[in-house]
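The values are calculated or read from the model by the stated rules, or taken from the named source; none is laboratory data. Keep in mind that what you see is a predicted model, and the values were worked out from it rather than measured. Because the Cβ atoms are built from the backbone with ideal geometry, glycine has one as well, and the counts that use them run over all protein chains shown. The area values use the complete protein model at the heavy-atom level, side chains included, leaving out ligands, DNA and RNA. Shrake-Rupley method; radii C 1.70, N 1.55, O 1.52, S 1.80 Å.
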Amino acid sequence: MNYLEEKIMRDGVILPGNVLKVDSFLNHQVDIEAMRFMAQELQRRFEGVKITKILTIEASGIAIATMLAHYLHVPFVFAKKCLTINSIDDKYVSHAFSFTENRRHSVYVSKPYLSPADHVLIVDDFLAESEATHALIDIVRQAGATLAGIGIAIEKGYQKGGRLLRDEGYHVESIAIIKEMDVKTQTIRFVDQG
């Protein structure tokens, strides 16, 4: 069992509706040691892969992307879910349904921040149905950039997202893959990645 899996077992809470609450260290309050572990683990798993930029989606992927960008010495970009008054650049736009918010978002990346020269590593906190990840893949394609891989903190292995992405031929690395969760007993079983 790796550090993240232990952290999930200790601090995660399973809620009705197949929701894993990890906001005590990942989605609301950020535990820097957990971020450091995840960044170093993703760095190790993508060693030797050319990466010039990291792409994530706001908001929970930002902390992991920040730490990983530090270790890889590359910039990171995050797709925004809403436009602001200073959003004047041309944009790449895609769409994703948010499981936790139960609504569809348009996501935006300003064109100056991704180019055909980039080799992009997509990073996110959760992978379930792969909606957000597919939206980011679409943005990488629109930019003409190369997708270097997909790094995920927690994958819900019993949902279709990870299988779909791997079947599509993408290099997906998930630090913790949940095999099953039980809200009544508050138990979690992980896929052995040994």
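Cβ-Cβ contacts under 9 Å between residues 6 or more apart (or on different chains), taken from a first residue in the range 175-193 that is open to solvent by 80 Å² or more (accessible area, probe 1.4 Å) to a second residue that is hydroxyl-bearing (Ser, Thr, Tyr) and not in a strand (DSSP E or B), are listed as Lys179/Tyr158; Glu180/Tyr158. Within the range 2-51, which residues are charged (D, E, K, R), in contact with a strand residue (DSSP E or B) (Cβ under 6 Å, 6 or more places away or on another chain) and outside any helix (DSSP H, G or I)? Of everything in the range 2-51, those that are charged (D, E, K, R), in contact with a strand residue (DSSP E or B) (Cβ under 6 Å, 6 or more places away or on another chain) and outside any helix (DSSP H, G or I) turn out to be Lys21, Lys50.
Out of (1) under 18 Å from the mean Cα position of the chain (by Cα); (2) charged (D, E, K, R); (3) open to solvent by 20 Å² or more (accessible area, probe 1.4 Å), what's the single condition that is false for Glu5? Condition (3) is where Glu5 drops out. If I ask for residues that are open to solvent by less than 10 Å² (accessible area, probe 1.4 Å), within 22 Å of Glu47 (Cα to Cα) and of a type in the set (A, V, I, L, M, F, W, C), which ones from the range 115-157 would you list? Of everything in the range 115-157, those that are open to solvent by less than 10 Å² (accessible area, probe 1.4 Å), within 22 Å of Glu47 (Cα to Cα) and of a type in the set (A, V, I, L, M, F, W, C) turn out to be Val120, Leu121, Ile122, Val123, Leu127, Leu136, Ile137, Val140, Ile150, Ile152, Ala153, Ile154. Looking only at the range 52-86, residues that are touching an Asp or Glu at 6+ places or on another chain (Cβ under 9 Å) and over 21 Å from Glu131 (Cβ atoms) come to 2 in all. Of all residues in the range 4-28, those that are over 20 Å from Ala59 (Cα atoms) have Cβ atoms under 7 Å from Cβ atoms of residues that are polar (S, T, N, Q) and loosely packed, with under 14 Cβ neighbours inside 10 Å, 6 or more apart or on another chain, in Ile14/Gln186.
Across the range 137-175, the number of residues qualifying as touching a Leu at 6+ places or on another chain (Cβ under 7 Å) and polar (S, T, N, Q) comes to 1. Residues in the range 36-61 that are β-branched (Val, Ile, Thr) and modelled with pLDDT under 95: Ile57 only.
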